[in-house]
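Take a look at the structure below.
Bear in mind that the values in this text are calculations on the coordinates, not laboratory data. Worth saying up front: this structure is predicted, and the values here are computed from it rather than measured. Glycine gets a Cβ as well: all are built from the backbone with ideal geometry, and neighbour counts include every protein chain shown.
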């Protein structure tokens, strides 16, 4: 692959850290690197590949000569600065929700719809899906290809890191306060997260679902090119630092057995089957953290669906990696492969 000039917008955030770590680990072919952030973070020093870089203030002029611009600083920042990056000739790989639901913007998981990455058009934007959607679709799509997915029910158990580095720090501080017998304070999450679960992520829409829950349907239809998919979700924040878990109930057009599903998933890229619950073999967040693949287990027949056309399964993936930075970098690698 040829080397390219790269910019990271939001370089000092949690996903920005992952970009730098994974660029080095995967030997992303970088000719030059710009680290961009808000005025508050400008001037900070970050290390990459043995070299120290100074974080620059993000402006409309930041993208001169940049070929791949990875955005992870929030939707409003993407909307403001992506046009400037495109005008400068960069391809934008956006890790926010700013453009996911615009019809002409491709929404890409490389293992599922790689060809869509090349449809970025004049706006030169490729959107990275929601982290929970990616974790859920990695095992769902190969089963859909084989058996024809009709309906999906998802319940998520989402790590606090999905709310950002400050939310992670808040959980850790609450645990320290509890251990010391001090009152626990709540500033970032809507409720105390230590020893608790919060059944609301993102804003509540008029239909009673949160936007996070609706993303599973909207993005699932778009990524899998499956407009007739019916889906429902309940998204819950749990006191886990990193890696999201999802429970899936899937109904198919064709009959499918758990053994057939395991064979399909064992051959699926980006998926690892961990499925021997009697021996306590199943994916859990602690063991999937910092792993590239989405782990899948607890595969069983859904006894509520007639004709052996339903499956239940459990999937866990690191949402800062495959759910964010890794997926975005794989999109860049896909572009470079051509």
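Structure summary
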item	result
Rg and Dmax of the chain, Cα atoms only, in Å	20.2, 62
Radius of gyration, Dmax [the range 132-319; alpha carbons; angstrom]	17.5, 56
Cα-based Rg and Dmax for the range 75-216, where Dmax is the largest Cα-Cα distance (Å)	18.7, 58
Kirkwood Rh, angstrom, the range 1-79 [1 / mean 1/r, Cα pairs]	12.6 Å
Angle between the chain longest axis and helix 211-223 axis [Cα atoms, degrees, rounded to 10]	90 degrees
Using a Förster distance of 25 Å, the FRET efficiency for residue 103-residue 228 (Cβ separation, nearest 0.05)	0.90
Nearest-0.05 FRET efficiency for residue 122 and residue 145, computed from C-beta distance (R0 35 Å)	0.65
Between the range 88-110 and the range 1-79, the Cα center-to-center distance that results, in Å	17 Å
Peptides ranked, highest mean first, by Cβ atoms within 10 Å: ranges 93-102, 26-35	93-102, 26-35
Cα long-axis angle, helix 326-337 against the chain (0 to 90 degrees, to the nearest 10)	70 degrees
The chain: angle of helix 14-26 to the longest principal axis, Cα-based, in degrees nearest 10	90 degrees
For peptides 55-67, 5-17, sequence by mean Cβ density within 10 Å, most packed first	5-17, 55-67
Projected area, mean over directions - the range 1-136, Cα convex hull, nm²	8.2 nm²
Difference of contour (0.36 nm per residue) and Cα-Cα distance, residue 292 to residue 45	86.2 nm
Using a Förster distance of 45 Å, the FRET efficiency for residue 238-residue 301 (Cβ separation, nearest 0.05)	0.95
Residue 115-residue 24 pseudo-label distance in nm [points 7 Å out on the Cα-to-Cβ vector]	3.9 nm
Inter-part distance where the range 161-210 and the range 262-330 are each reduced to a Cα centre, Å	26 Å
Spin-label zone in the range 298-338 - amide nitrogen under 18 Å from a point set 7 Å from the Cα of residue 2 along the C-beta vector	332-338
Computed lengthening from residue 221 to residue 76, 0.36 nm per intervening residue step minus Cα-Cα distance	49.7 nm
